[in-house]
Amino acid sequence: MKLARESIPFIVVPAVLALVTLAFGLWYISIVFLLLGLFMVYFFRDPTRVPPVEPNAVVAPADGRVTRIQRLAESEESSGTLISIFLSPLDVHINRSPIAGKIVDMAYIPGKFLMATNERASLVNEQNVLTIQGEKITVVCRQIAGILARRVVCWKKKGDNLELGERFGLIKFSSRTDIVLPSNVTITVTEGTKVKGGTTVIGRIS
């Protein structure tokens, strides 16, 4: 199983503590550390995903559940349709590019750690905002930390090119990913839909 490279300390530390406590005969504590280490292996899993071959497809940038679909006013900085995806601790936390394109802007914003389902989280929580420009559309993707998360990770930089469904980062533990799609994208999911990053089609360019 492939794991995100950020997983190493989260797996090694519980494993070492499990061995140390076992050496002192504290097997019940050792089991706790072992289970914690196994959970970290599960949490930081990085499965291979094959994106759809549809030329006009926009895919989910993260695994999770769609919690909000909101039409934004034309006067707002990022007009279009906002889709929020909530990632529970059991979901894969790798973020993937919703379209093929170039990162034309990137901004890291430090902030608070409200519950990821809170609508204010997109305004005040720690987040990393990517603007990805494709051949037909430009999308804005936000990696938003949740109440358990304390760091968003992005492996790409401004000017990098991304393929459809390509990995660009992760968010540690419970979190949320928002995407703003322009008005010429027909939304194909509804609130409550479970999606998989890089494979589930959330919109089609019209």
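The values are calculated or read from the model by the stated rules, or taken from the named source; none is laboratory data. The model shown is predicted, which means the values in this text are computed figures rather than measured ones. Virtual Cβ from ideal backbone geometry, glycine too; neighbours counted across all protein chains shown.
Values computed for the structure shown
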read-out	value
Pair list, Cβ under 6 Å, 6 or more apart: the stretch 1-16 residue over 13 Å from VAL32 (Cα atoms), other residue of a type in the set (Phe, Trp, Tyr)	LEU3/PHE44; ALA4/PHE44; SER7/PHE44
Among the candidates VAL41, VAL53, VAL13, residue that is assigned to a loop (DSSP other than H, G, I, E, B) and among the aliphatic types (A, V, I, L, M)	VAL53
Of residues in the stretch 95-137 being modelled with pLDDT of 95 or more and of a type in the set (Val, Ile, Thr), the one surrounded by the fewest Cβ atoms within 10 Å (Cβ to Cβ)	VAL104
Condition met for CYS141 (touching a residue at least 24 places away in the same chain (Cβ under 8 Å) and surrounded by 22 or more Cβ atoms within 10 Å (Cβ to Cβ))	yes
Test: PRO51 is closer than 22 Å to ASN161 by Cβ, modelled with pLDDT of 90 or more and in the same structural domain as GLY197 (by TED's automatic domain parsing)	no
Enumeration of residues in the stretch 181-199 that are of a type in the set (Val, Ile, Thr), out of contact with any Asp or Glu (no Cβ under 9 Å at 6 or more places or on another chain) and either closer than 16 Å to ARG96 by Cβ or not in a loop (DSSP other than H, G, I, E, B) (or both)	VAL185, THR186, ILE187, VAL189, THR199
ARG71 being closer than 24 Å to GLY101 by Cα, of a type in the set (Lys, Arg), assigned by TED's automatic domain parsing to the domain that holds VAL152 and not in a helix (DSSP H, G or I)	yes
